[in-house]
Amino acid sequence: MKILVPISNVPDTTTKIAFANGDTEFNAAGVQFIINPYDEWYALVRALELKEAGKAEKVTVIHVGLTESDATIRKAFALGADDGVRIDAEGPDAYFVAEQIAKYAQENGYELIMAGKETISYNGSSVGAMIAGFMDLPLISLATKFELEGSKALVEHDVDGGTQVVECELPLVISCSKGMAEQRIPNMKGIMSARTKPLTVIPASGSDKLTNIKSYTLSAGRTTCKMFDEDHIDEMVNLLHTEAKVI
Amino acid sequence: MILVYTEINKGKVKKASLEAVNYAAKIAELTGASVSAIAINADAAQLEEIGKAGAKKILSVKNEKLSTLDSMLVSSAVEQAVKAEGAKTIIFSFDITGKAVAPRLSARLKAGLVAGAVDVPTINGNSLEVKKNVFSGKATAIYSINSDVKIISLLPNSFPIKLGENSSTVIDFAVDLNSVNSKIIIKEKKSTDVAGMVPLPEAELVVSAGRGLKGPENWGMIEELAKTLNATTACSRPVADMHWRPHHEHVGQTGVAIRPNLYIAVGISGAIQHFAGVNGSKTIVVINTDKEAPFFKSADYGIVGDAFTIVPKLIDAVKKFKANQN
């Protein structure tokens, strides 16, 4: 059984976001890129744990992006992924990305696809569910615990008002949330081997562009914070009513 | 024709679903289209509520299989409704079901999806242009949806709900789910709901606390403040990681992202990752001993002081305010 982990290349969580070309493009100058945390900490690390426990033969990471993303893919190798695939296209939207990944997964016999629940860049929570749609597979979303018993997955996942424990025969797509695994730091052996692990670059197929971004706007910061001391809390509570109108 | 997906939870139409119906009605005003809603296993009172939110026609689906909310089954039901109604625009809430079903439908129908819209779209030729948050709320982007069939999921709590007269027609809509091959079997359900408390993603008022509280034994005053305000409790990531509070209370970039009307942060410094999960809040109150805490820069109201002194005083102030209101 082989596991496919889609990874996204995103600006580090502390990045100060800026735009270029009349606010029509993300300005990547000087930005540190990382593997999307949900893809890495939860999906990839749990996939690696399953392989280490002898429950999977191989963990492949897959990414839709240009050559700038190769360093991020190699970070996944350093963490322990066996090999990687980069589909050589900019990836205009989630539909395009998911379609490419689903096609690869289908053609190469991956039975378990473990995606992060969302990216911290475009926050669409869409790719995992779209892959399930393209492959006509069940989806278990927001998984927080995942076990494999043979070809049966046992999953705990978030639902409205609580959690639910479910089981499902593979093949299956899951989207991973906090709780799946703990963050890992690559060890020296991993870092050394990352350079030589196979990274296959394949061209994209199809060119559907169902959505595109026209412009970006930075979110307005809040104006000044009104400060109160412990003797004027009543005043603040009144302002929450009269000024902010939230109570 | 605009089709909007609605859902029942704990005997009521979900607040996020009513928002989605309102939103569909706003789009209908712009385009002149009519709004149909699909309602799953809803009773007469619930259908009435959906009508009041602005649906002109309600496809009432009664099918026990759908009660699991399995995204394959729900998606198939919505797809059948889309085809029956000839819907060109499909609206979901960007909630747990919407996040699982809308993308699947997008893949099935080759329909462009904007997931997490925060505003009413504008029409540009055959495209809809709609705003959503990106980079965890640090920015917004205008997306253009160019496909023939378009899907938008609406970020919850983006608009207040308006209910009017019910002028809807309800029709029974039978769906065929026999060809759907979902193998997910539910073994156990665990509720995290606290009696009398609104679940965090839907809460309009949230009281949240962090490491500044020093230990789980000190949460009594946070719970009391929340109860006084009729708010929901939340916490920062370290607090959840140290198991002082349950994981489902964790708000922030890797936890739940919320956008309540009021977010009160006690003893939380306001790291960028925490702020990313709460920056959609309409009003932010920060209570911290450190006047240099970064959270004050992103807050509307702040109190520098020890939580153990301030919170009890705040509880008294809120009680006094509530008493004067009555």
If I filter the stretch B:118-139 for residues that are without any contact (Cβ under 8 Å) to a residue 12 or more places away in the chain, aliphatic (A, V, I, L, M), closer than 25 Å to A:I17 by Cβ and not in a helix (DSSP H, G or I), do I get at least one hit? yes
Which number in (1) over 22 Å from B:N157 (Cβ atoms); (2) touching a helix residue (DSSP H, G or I) at 6+ places or on another chain (Cβ under 7 Å); (3) aliphatic (A, V, I, L, M) marks the one condition that B:A44 misses? (2)
Filtering the stretch B:282-299 for residues that are more than 9 Å from chain A (Cβ to nearest Cβ) and either of a type in the set (S, T, N, Q) or under 11 Å from B:L262 (Cα atoms) (or both) leaves a count of 2
Run B:K14 past the list (1) more than 14 Å from chain A (Cβ to nearest Cβ); (2) over 15 Å from B:F173 (Cβ atoms); (3) under 17 Å from the mean Cα position of the chain (by Cα); (4) not small (G, A, S) and report the number of the one that doesn't hold. (1)
Selection from the stretch A:94-145 of residues that are more than 7 Å from chain B (Cβ to nearest Cβ), of a type in the set (V, I, T) and either free of Cβ contacts under 8 Å to residues at least 60 places away in the same chain or surrounded by fewer than 24 Cβ atoms within 10 Å (Cβ to Cβ) (or both): A:T144
Would you mind stating whether B:V311 is assigned to a helix (DSSP H, G or I), hydrophobic (A, V, I, L, M, F, W, C), more than 26 Å from A:K117 (Cα to Cα) and touching a helix residue (DSSP H, G or I) at 6+ places or on another chain (Cβ under 7 Å)? yes
Does any residue in the stretch B:1-18 that is assigned to a loop (DSSP other than H, G, I, E, B) come within less than 6 Å, Cβ to Cβ, of a residue that is among the basic types (K, R) six or more places away or on a different chain, and which pairs are these? B:E7/B:K14
Are any residues in the stretch B:226-239 in a helix (DSSP H, G or I), crowded, with 22+ Cβ neighbours inside 10 Å and within 13 Å of chain A (Cβ to nearest Cβ), and if so, which ones? B:A226, B:L229, B:R237
In the list B:N133, B:N166, which residue meets the criterion of being more than 7 Å from chain A (Cβ to nearest Cβ) and either surrounded by fewer than 24 Cβ atoms within 10 Å (Cβ to Cβ) or not aromatic (F, W, Y) (or both)? B:N166
Identify the single condition in (1) more than 11 Å from every other protein chain (Cβ to nearest Cβ); (2) more than 23 Å from A:V159 (Cβ to Cβ); (3) out of contact with any Lys or Arg (no Cβ under 9 Å at 6 or more places or on another chain) that B:L314 does not satisfy, given that it satisfies every other one. (1)
Where residues in the stretch A:212-227 are among the hydroxyl-bearing types (S, T, Y) and more than 7 Å from chain B (Cβ to nearest Cβ), which of them is farthest from B:A141 (Cα to Cα)? A:T224
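Per-residue answers, yes or no, for (1) within 14 Å of chain A (Cβ to nearest Cβ); (2) buried (at least 18 other Cβ atoms within 10 Å of the Cβ):
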residue	(1), (2)
B:N63	no, no
B:S67	yes, no
B:S71	yes, yes
B:V78	yes, yes
B:A81	no, yes
B:G86	no, no
B:F92	yes, yes
B:A100	yes, yes
B:K110	yes, no
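A short reminder: the numbers here are calculations on the coordinates, not readings from a lab. Computed from a predicted structure; not experimentally measured. Virtual Cβ from ideal backbone geometry, glycine too; neighbours counted across all protein chains shown.
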